[in-house]
Ligand code: BES
Ligand code: MN
Ligand code: ZN
């Protein structure tokens with residue numbers, strides 16, 4: 001449900017709960033009616049993420065919200081706002097002065113506060129027969145006059161970025177039968193219409209004609225046809241040209257190299273999280289007045305075993321003419337991205353960035369809280385890292401180690417689609433690098449952070465929408 005975000009000079013009379021920022025040191029706001037010692041006695045030390053709910057029989061519930069010992073940052077405000085919303089539980093209206101704190105400009109503070117609140121309030125409602133009751137509907141940012149205009153601007157941006165992340169989460173959380181490649185393309189048509197994007201959808205025959213052998217090969221075992229979606233955003237006088245490519249494996253069974261029926265397998269409906277992040281990010285570009293042109297390719301198909309499935313030993317020919325010998329049909333993401341990257345670089349963009357739930361190996365290396373970033377151009381990777389810091393969607397760079405390239409050597413084709421048992425995230429990126437030529441390229445492997453097992457700050461259980469806000473920030477800051 002859309003949350004109504006207001007900016008006000010004072011706390012509205014009817015509000016159910018008031019989030020009162022409290023630092024780890026310094027004065028405790030009098031409105032709480034408790035001393036520092038009393039707060040500490042109740043386990044509240046003012047750390048970011050801590051809250052203390054103080055109900056009242058006569059008025060709104062006051063909630064002490066920790067903001068830490070240091071000067072607030074966008075990240076600490078986002079986390080504090082998320083903690084506030086979680087502490088407020090079923091209450092539908094919250095007012096807070098979090099966005100009024102000095103140290104962060106009003107727009108940045110309001111954006112981060114709204115993002116934290118809205119992302120923490122997110123719930124996948126999809127298929128429950130009874131709709132959930134309660135939860136955030138009205139958020140009021142209480143700020144001084146001087147910060148009102150900035151706060152309004154930032155709050156609007158925060159609503160846009162949080163709604164985009166919610167769209168990506170919804171798509172990831174949908175059961176596979178409710179989001180086939182065709183349905184994803186239909187959804188993209190709807191989103192494009194509502195957000196001023198040009199769209200072109202390529203079907204199976206077109207992909208065959210275009211030489212997209214990766215898409216066709218991965219799709220071979222499936223009763224559902226593939227789709228490639230191309231979205232285009234063009235501002236007046238673009239100051240740069242960015243291409244985004246998303247892995248849209250609607251369901252990854254592993255194919256003939258079938259995955260075991262474990263918990264991980266059940267998460268493979270989320271193997272389209274990269275494509276979802278691209279669609280969601282692009283839906284905001286016009287509203288956020290992005291100054292660069294952005295083209296997005298979403299490579300949508302599932303990966304299924306059947307009598308018609310592609311096999312080990314098969315050789316696929318990709319859009320750019322290169323060939324790969326299949327040694328494991330579960331290494332399918334790189335095969336669909338190979339076509340996407342090939343298509344993406346044809347228009348000679350200033351940079352190309354792909355985002356994909358690509359390898360289990362990156363989870364082994366970095367865990368579930370951060371994505372791996374690799375690429376062929378350090379300045380571009382630095383831009384990705386900067387967008388990551390701004391949005392608190394963590395990335396860590398891994399090396400594109402050329403000494404591992406020979407692990408992909410094949411006796412019959414330009415390469416195999418898998419290397420050895422080690423360094424899987426790097427080897428997958430080396431495979432992708434074959435399809436970008438000299439174009440500056442960065443690759444985000446989001447297999448770890450695509451999903452969260454539990455509610456955790458602004459992450460809600462299930463699909464996280466990871467990468468959506470990072471890609472938005474990257475596009476907004478992008479120059480040739
Ligand atoms: N979609 C998976 C990667 C993945 C694993 C994403 C866990 C999210 C959570 C990918 O297609 C895959 O199966 N990769 C294989 C590659 C291997 C066969 C070289 C993997 O990582 O096991
Ligand atoms: Mn796979
Ligand atoms: Zn996959």
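The values are calculated or read from the model by the stated rules, or taken from the named source; none is laboratory data. Remember, it's a predicted structure, so these values are computed and weren't measured experimentally. Reconstructed Cβ throughout: ideal geometry from the backbone, glycine too, with neighbour counts over all protein chains shown.
Brief remarks follow.
- Residue check for residue 105: within 30 Å of residue 224 (Cα to Cα) and modelled with pLDDT of 95 or more: no
- Residue check, residue 219 over 19 Å from the mean Cα position of the chain (by Cα) and more than 16 Å from ligand 3 (Cβ to nearest atom): no
- Applying a threshold of 6 Å to beta carbon distances and a minimum spacing of six or more residues, or different chains, the list of pairs starting in the stretch 233-260 at a residue that is farther than 30 Å from residue 286 by Cβ and ending at one that is modelled with pLDDT under 95 and within 11 Å of ligand 1 (Cβ to nearest atom) reads 259/265.
- Considering residues of the stretch 344-361 that are crowded, with 24+ Cβ neighbours inside 10 Å and closer than 19 Å to residue 436 by Cβ only, the residue nearest to ligand 1 (Cβ to nearest atom): 358
- Taken residue by residue, the stretch 431-440 has at least one member that is modelled with pLDDT of 95 or more and closer than 30 Å to residue 74 by Cα.
- In the stretch 240-282, the residue that is farthest from ligand 3 (Cβ to nearest atom) out of those that are farther than 19 Å from residue 329 by Cα, surrounded by fewer than 20 Cβ atoms within 10 Å (Cβ to Cβ) and at pLDDT 95 or above is 240.
- Of all residues in the stretch 299-312, those being over 23 Å from residue 266 (Cβ atoms) and surrounded by 18 or more Cβ atoms within 10 Å (Cβ to Cβ) number 1.
- Options 430, 444: the member that is part of a helix (DSSP H, G or I), within 16 Å of ligand 1 (Cβ to nearest atom) and crowded, with 17+ Cβ neighbours inside 10 Å: 430
- Residues in the stretch 359-376 that are part of a strand (DSSP E or B) and more than 21 Å from residue 420 (Cα to Cα): 371 alone.
- Count of the stretch 65-84 residues, restricted to those that are more than 18 Å from residue 391 (Cβ to Cβ) and in contact with a helix residue (DSSP H, G or I) (Cβ under 6 Å, 6 or more places away or on another chain), is 3.
- For the stretch 328-363, residues that are within 16 Å of ligand 3 (Cβ to nearest atom) and without any contact (Cβ under 8 Å) to a residue 60 or more places away in the chain total 0.
- When residues of the stretch 313-330 are limited to those that are buried (at least 24 other Cβ atoms within 10 Å of the Cβ) and within 16 Å of ligand 1 (Cβ to nearest atom), the one nearest to residue 241 (Cα to Cα): 324
- Condition check for residue 117: crowded, with 24+ Cβ neighbours inside 10 Å and either farther than 17 Å from residue 166 by Cα or touching a strand residue (DSSP E or B) at 6+ places or on another chain (Cβ under 7 Å) (or both): yes
- Residue satisfying condition, being over 17 Å from the mean Cα position of the chain (by Cα) and in a helix (DSSP H, G or I), within set 134, 154: 154
- Residues being in contact with a strand residue (DSSP E or B) (Cβ under 8 Å, 6 or more places away or on another chain) and part of a helix (DSSP H, G or I) - total across the stretch 137-151: 2
- Qualifying residues in the stretch 31-66 (those that are in a loop (DSSP other than H, G, I, E, B) and in contact (Cβ under 8 Å) with a residue 40 or more places away in the chain) - the one farthest from residue 117 (Cα to Cα): 60
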